[in-house]
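The values are calculated or read from the model by the stated rules, or taken from the named source; none is laboratory data. Model, not experiment: these values are computed from the prediction. Reconstructed Cβ throughout: ideal geometry from the backbone, glycine too, with neighbour counts over all protein chains shown. When the accessible area is computed, the model is the full protein with side chains, heavy atoms only, and any ligands, DNA or RNA have been set aside. Shrake-Rupley method; radii C 1.70, N 1.55, O 1.52, S 1.80 Å.
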Amino acid sequence: MVLIACLLLGKALVLLLPFAFPASIMGLLVLFFLLTCQLIPLSWIHHSGQLLLRHMALLFIPVAAGLLGYVDVLSEGLGLILSAALSGLILILLAVGRLYQRMQA
């Protein structure tokens, strides 16, 4: 019930924003805030969170099936997609490494 309440609160908050924002991400931010401030104990959501994590791979099946309809588009831009993913990964690793070095100094 706590997870659903956070999702619904996230949906309500998104309606108040003047720009588009995913309601599920806002719900996760609400849940993160509640857990960080210890307004709700972790034990309230631990079991349902473990259940969702255990079956997460099943949640990606509809997305993968939907992507099959765009195989021709994806194959045309495969080089660009891979280069963007690789360069993004390298930039993230460099930024995190630099931040870690600054925090250790």
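Output the 0 to 90 degree angle, nearest 10, between the alpha-carbon long axis of helix 78-104 and the longest principal axis computed from the alpha carbons of the chain.
The angle comes out near 50 degrees.
With every protein chain present, what is the per residue accessible area of the chain (1.4 Å probe, Å²)?
Details: 8860 Å² over 105 residues.
Per-residue value: 84 Å².
How much length is gained on full extension from A12 to Y100, taking 0.36 nm per residue of separation minus their Cα-Cα distance? Please report the intermediate quantities before stating the final value.
Values: separation 88, 0.36 × 88 = 31.68 nm, distance 3.65 nm.
That works out to 28.0 nm of additional length.
Need one word for the stretch 22-69: rounded, prolate or oblate. Basis is the Cα gyration tensor (sqrt eigenvalues a ≥ b ≥ c); a/c below 1.5 gives rounded, then a/b vs b/c decides.
Details: a/c = 5.98, a/b = 1.92, b/c = 3.11.
The shape class here is oblate.
Would you work out what percent of the accessible area of the stretch 31-105, with all protein chains in place, is carbon or sulfur (probe 1.4 Å)? Could you put the intermediate results ahead of the total?
Working: 5020 of 6690 Å².
For the stretch 31-105, the apolar C and S fraction of the accessible surface comes to 75 percent.
Can you give the angle from 0 to 90° between the axis of helix 2-16 and the longest principal axis of the chain, with both taken from C-alpha atoms, to the nearest 10?
Long axis of 2-16 versus the principal axis of the chain: about 70 degrees.
What order do you get for 61-72, 22-33 when each peptide is scored by the mean count of other beta carbon atoms within 10 Å, highest first? Kindly include the intermediate steps, with their values, before the conclusion.
On the way: 61-72: 8.8, 22-33: 15.2.
The most tightly packed comes first, giving 22-33, 61-72.
Computed from the mean reciprocal separation of all distinct C-alpha pairs, what Kirkwood hydrodynamic radius does the chain have, in Å?
It works out to 17.6 Å.
Measuring from label point to label point, each 7 Å out along Cα→Cβ, what is the L86 to L52 span in nm?
About 3.5 nm separates the two model spin labels.
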